[in-house]
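Here, each number is a calculation from the coordinates, and none is a lab measurement. Model, not experiment: these values are computed from the prediction. Cβ placement follows ideal geometry from the backbone for every residue including glycine, while neighbour counts extend to all protein chains displayed.
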There are 2 protein chains.
Amino acid sequence: MSITIKDVARRANVSIATVSRVINNKSDGVSDETRKEVLKVASDLGYYPNRVARGLVTNKTNILGLILPDITNPFFPSIVRGVEDTANKYGYNIILCNTDNSSEKEKTYIKILKENKVDGIICTSVAGSNDDSFKLSPNDKIPFVWLDRNLRETKAPMVYTDGVYGMCQIVDYIIKQGHKKIAYISGPKLNFSAEQRFKGYLKAINEAEIDVNNDLIKEGNYQIQDGNKCMMDIIESGEEFTAVVCANDLMAIGAIEALKSRGIRIPYDVSVTGYDDITISSITYPKLTTVAQPIYEMGCLAVDLLIKLIGGETIEKKEVVLKPELVIRESVGRVKRNWEI
Amino acid sequence: MSITIKDVARRANVSIATVSRVINNKSDGVSDETRKEVLKVASDLGYYPNRVARGLVTNKTNILGLILPDITNPFFPSIVRGVEDTANKYGYNIILCNTDNSSEKEKTYIKILKENKVDGIICTSVAGSNDDSFKLSPNDKIPFVWLDRNLRETKAPMVYTDGVYGMCQIVDYIIKQGHKKIAYISGPKLNFSAEQRFKGYLKAINEAEIDVNNDLIKEGNYQIQDGNKCMMDIIESGEEFTAVVCANDLMAIGAIEALKSRGIRIPYDVSVTGYDDITISSITYPKLTTVAQPIYEMGCLAVDLLIKLIGGETIEKKEVVLKPELVIRESVGRVKRNWEI
DNA sequence: TTGTAGGCGTTATCAT
DNA sequence: ATGATAACGCCTACAA
C-alpha cells in the first residue's frame with residue numbers, strides 16, 4: 001500500500017507526532033535538525049499525506065461541490081473556470097455535478113456531496129425555489145451560495161448580475177435606433193434570470209411609452225432550437241416587428257437561423273439581440289449585439305463568498321450583484337423609415 | 001455535529017455493526033425486523049453515511065480525477081459530460097482539474113488527486129510525453145487512462161479517435177472537389193492529435209500525387225487567433241491556394257475571419273475546413289465542413305476502461321480507437337476552373 | 001442473528 | 001523538543 005506517516009516515522013527514528021508536525025509546518029516544537037531529517041526521509045520514501053484520513057479527524061476535506069445544469073451549455077464553462085481557479089487559490093478542489101435542471105438529480109448530488117463531506121457547495125441549478133434541497137438532514141447545514149439564481153426565500157448568499165438593468169440597457173439601445181415593434185423571446189418564466197430580463201424589457205418599453213404587444217412575446221428554454229421555433233411562430237403570426245430581443249445568445253442564434261431561412265436580412269430587415277456574450281456570439285453572422293455578463297468573475301466571487309462562509313464569517317451583504325455591460329456589434333441597425341423604402 | 005452510525009445504533013438498540021450491515025445492504029445476517037427498525041431510525045434521524053470515514057477503511061473513495069487543459073475550450077465540455085454521466089452510472093463522482101497545458105499545474109493536480117485517494121484518473125492534458133507525472137511515488141500506481149492523447153510510451157490504456165483517417169477523409173473530399181493548392185494550418189506539433197492529423201493531410205495529398213508546398217503549411221495552437229494569424233501569413237505570402245484545411249474548428253473560424261477581412265469569399269474564392277465538429281461549427285457563416293469526433297463517447301469509453309482498471313481487470317486492448325466522420329456543410333466548394341473565370 | 005473490538009492514517013492533547 | 005495515545009466514523013473479521 002501507500003507509504004504512511006508511520007513508515008516515515010520509523011525510518012526517521014521519530015514519532016508519528018513529530019512527522020505530522022513537520023508535514024503540517026507547525027512552526028513550533030520541532031528542531032531544525034529533525035525537521036530536515038524528516039523531510040528528507042519523507043521525500044526519499046515518496047510520502048504524501050492521505051487527505052481522507054486527515055479529513056476524518058479535521059472534519060475538513062478542502063473539496064467544494066459545484067452544481068450546475070449542464071456544462072455543455074456554453075454559458076457555464078467560464079463559471080466553472082472562475083470557480084476552479086479561485087477555489088484552487090484557496091487550496092480547494094471541485095467536484096462537478098451536472099443536473100440537467102432535474103431536481104431529482106440535484107437532490108441526489110447534494111446528498112452525495114454531503115456524504116463526501118465537502119466543505120461547501122455552489123449551486124447554479126434549480127433547487128426548487130428555496131433551500132429545502134439542502135436540508136436533507138435538518139441538523140447539519142452545509143455552507144453554500146447561490147450563483148446566478150436569485151431565490152425568493154433563502155438564507156444563503158447569492159451572486160448574480162442585474163438582469164433588469166442589463167436587459168433595460170439593450171432594449172433602450174434598440175429603441176434609440178428607432179425601433180418600436182420589438183419582439184421578445186423569453187427564457188423559462190420560473191427561472192429568475194429569465195424573469196429579471198423580462199422585467200427589464202418591459203421597463204424599457206414602458207419608459208419609452210411603447211405599447212407591449214403580447215403576440216410578439218414568446219417563451220423558450222434558453223436553447224438554440226427554442227429561439228428558432230419562437231422566431232418562426234412570431235414570423236408566422238403575421239405581426240409586424242422590426243427587432244427581436246432574445247433572453248440569451250443561444251436563442252438569438254436560433255432566431256437568426258429562422259430569420260435567414262425566410263430570407264429576412266439582419267440587421268437590414270430585422271435587428272436581433274442576445275444576452276450573455278458567450279464566445280459564439282462574436283462569431284455569428286452578423287456578429288451579435290448583446291449584454292456581457294462577467295461570467296468568470298461570478299464564479300470567482302461565489303467562491304470568495306463561500307470561503308468566508310466556511311471560515312465562519314457572517315456575511316453582511318447577502319447579495320452580490322454585478323453590473324452587466326452592453327456590447328454593441330452588428331446585429332442591430334436603425335429602423336427603416338417609410339420614406340426610405 | 002453530524003449524526004453518526006453510533007447515534008443510530010443507540011437509538012435503535014442495536015450495535016453499530018448491525019447498523020453498518022443494514023446501511024450497506026449486506027443481505028445476510030440481519031433480521032427483517034431489525035433492518036426495518038434501523039432503517040426507520042436512520043431516516044428519522046436524517047442519518048447519511050460519512051464517505052470520508054468509509055473511504056479510510058475501504059481504501060476507496062468513489063471519486064475520479066479528470067484532468068484537462070481548459071474547460072473553456074469548446075472541445076471539452078462534451079468530454080466532461082460523457083465522463084461525468086458514465087462515472088455517475090458506476091457510482092463515481094468527478095474532481096475537475098484545469099491545467100492550461102502547464103505540466104507544473106498538472107503535476108500539482110496529480111499530487112492532490114492522489115492525496116485525495118481518488119480511485120482513478122482520466123487525463124487529457126500534456127503530462128510530458130510519458131507517464132512520469134503519475135509516478136510521483138514509484139510505490140503506488142493509480143489506475144488511469146489517457147484520453148485523446150496518444151502517447152508513445154505508456155502502459156496505461158488510451159482512448160482516441162483516428163486522426164490520420166479523419167483528416168485523410170476530409171482532404172480527400174476537398175481534392176475530389178478539384179482543389180490542388182491546399183493550405184494547412186496545423187495544431188502544435190508536439191501534440192499527438194496534431195501530428196496525426198498532419199499525417200492524414202500528407203497521406204491524402206501524396207495519394208493524389210499532389211506536391212506539398214511548405215509555404216502553405218503553418219502551425220498554430222488550436223485557438224481562434226492562431227487560425228487568424230496563420231491565415232493572414234499565408235495570404236500575405238502571396239502563394240496561391242484554393243482551399244485551407246485547419247487542424248481544428250476553432251482555427252478554421254479564425255481563418256474564416258481572416259479571409260473575410262480580406263474580402264475573400266467562402267467557399268466561392270477559397271474553401272475552408274475544420275476538425276472536431278464542436279457546436280459552433282454549424283453556426284458559423286458559412287457552416288463549416290468538418291470532421292466529427294464522437295467526443296461524448298470518448299468520455300464514456302474512457303470511464304468504462306478506467307472502471308475496469310479499478311476493478312483489477314487486465315485490459316487486453318490498450319488502445320480504443322474510434323472512427324471520426326466527415327460532416328459536409330457549406331464551407332467547401334468546387335474549385336473554380338480557368339474557363340469559368 | 002447480533003455484538004465486540006481492531007484498525008484505516010491523521011491530528012491533537014496530553015505528558016515527558 | 002518529542003512521544004504516547006485517544007479520537008474521527010466506519011467496516012469487518014471473529015465471537016457469541
Mind pulling the per residue volume of the convex hull built on the Cα atoms of the protein assembly as shown? Å³ is fine. 198
Output for segment A:257-318: trypsin sites (Lys or Arg not before Pro) sitting in coil per DSSP, at most 16 other Cβ within 10 Å, listed by number, reads A:Arg262, A:Arg265, A:Lys287, A:Lys317, A:Lys318
Computed label-point distance, nm, for sites B:Arg262 and B:Asp44 using a 7 Å Cα→Cβ extension: 7.9
From the Cα gyration tensor of chain B, with a ≥ b ≥ c the square roots of its eigenvalues, which class applies: rounded if a/c is under 1.5, or else prolate if a/b is larger than b/c, or else oblate? prolate
Which order results if B:Cys300, A:Cys230, B:Cys123, A:Cys246 are arranged by neighbouring Cβ count within 10 Å, fewest first? B:Cys300, A:Cys230, B:Cys123, A:Cys246
Among the lysines, which fall within straight-line cross-link reach of A:Lys317, defined as a Cα-Cα distance under 19 Å, with same-chain neighbours fewer than 8 residues apart omitted? A:Lys155, A:Lys308
For a quick check of your reading of the filter: which GluC sites (Glu not before Pro) in segment B:29-113 sit in a DSSP loop and have no more than 14 other Cβ atoms within 10 Å? none
Using +1 at the C-beta of Lys and Arg and -1 at the C-beta of Asp and Glu, which of B:Ile283, B:Ala17, A:Val212 has the Cα lying farthest in the positive direction of the dipole of the protein assembly as shown? B:Ala17
Trypsin sites (Lys or Arg not before Pro) restricted to segment B:186-233 and DSSP loop, no more than 12 other C-beta within 10 Å: B:Lys189
How much of the DSSP beta bridge set in the protein assembly as shown is antiparallel, as a percent to the nearest 5? 10
Using θ = phi - 60° and the Karplus relation 6.51 cos²θ - 1.76 cosθ + 1.60, list the HN-Hα couplings for segment B:246-260 in order, rounded to whole Hz, with x at every Gly or Pro. 10, 6, 7, 5, 4, 5, 4, 4, x, 5, 4, 3, 4, 4, 4
Under the rule of at least 5 residues apart or a separate chain, name every residue whose amide H is placed under 5 Å from the amide H of A:Asn93. A:Ile63, A:Leu64
Per residue of B:57-69, other chain Cβ atoms within 10 Å number on average 2
Viscosity 0.890 mPa s, temperature 25 °C: Stokes-Einstein D of segment A:5-49 from its Kirkwood Cα radius, in µm² per second? 245
Just to be sure I understand: of the beta bridges DSSP finds with both ends in chain A, what percent are antiparallel, rounded to 5? 10
With +1 on the Cβ of every Lys and Arg and -1 on the Cβ of every Asp and Glu, and nothing else charged, how large is the dipole of chain A about its Cα centre, in debye rounded to the nearest 20? 1020
What ³J(HN,Hα) values, in whole Hz, does the Karplus curve 6.51 cos²θ - 1.76 cosθ + 1.60 give for segment B:168-173 when θ = phi - 60°, with x put for Gly and Pro? 4, 4, 6, 5, 3, 4
Within 10 Å of each Cβ in B:108-116, the average number of Cβ atoms from other chains: 4
Any aspartates and glutamates with Cα under 15 Å of the A:Lys117 Cα? List them, leaving off those in the same chain fewer than 8 positions away. A:Asp140
In terms of modelled amide H atoms, which long-range or inter-chain residues lie less than 5 Å from the amide H of B:Ile121? B:Gly65, B:Phe144, B:Val145
Mind checking the dipole of segment A:5-49: about its Cα centre, +1 per Lys or Arg Cβ, -1 per Asp or Glu Cβ, Debye to the nearest 20? 120
Cross-link table B:Lys60/B:Lys199; A:Lys111/A:Lys318; A:Lys40/B:Lys105; A:Lys89/A:Lys114; A:Lys89/A:Lys218; A:Lys318/B:Lys60, entries beyond 31 Å C-alpha to C-alpha: B:Lys60/B:Lys199; A:Lys89/A:Lys218; A:Lys318/B:Lys60
5 angstrom amide H check on B:Val332, placed H, neighbours 5+ away: B:Val272, B:Thr289
A chain fully extended from B:Glu239 to B:Asn59 at 0.36 nm per residue, minus the present Cα-Cα distance, gains in nm 58.6 nm
To make sure I understand, if each residue's beta carbon is the centre and we count other beta carbons within 10 Å, what order do A:Thr4, B:Thr242 fall in, fewest to most? A:Thr4, B:Thr242
Mean ellipticity per residue at 222 nm, deg cm²/dmol - from DSSP H runs of n ≥ 4 across chain A, formula -39500 (n - 2.57): -12500 deg cm²/dmol
Angle, helix A:32-45 long axis vs. longest principal axis of chain A, Cα atoms, 0 to 90°, nearest 10? 70
Just want the ordering: A:Val244, B:Val212, A:Val57, B:Val52, from fewest to most Cβ atoms lying within 10 Å of their own Cβ. A:Val57, B:Val212, B:Val52, A:Val244
Can you give the average number of partner chain beta-carbon atoms within 10 Å of each beta-carbon in peptide B:1-8, as a whole number? 2
Please list, in order along segment A:261-268, the HN-Hα scalar couplings obtained from phi with the Karplus expression 6.51 cos²θ - 1.76 cosθ + 1.60 (θ = phi - 60°), rounded to whole Hz, x for Gly and Pro. 5, 9, x, 8, 8, 10, x, 4
All aspartates and glutamates inside 19 Å of B:Lys323 as judged from Cα atoms, apart from same-chain residues fewer than 8 positions distant: B:Asp148, B:Asp162, B:Asp172, B:Glu195, B:Asp249, B:Asp276, B:Asp277, B:Glu297, B:Asp304
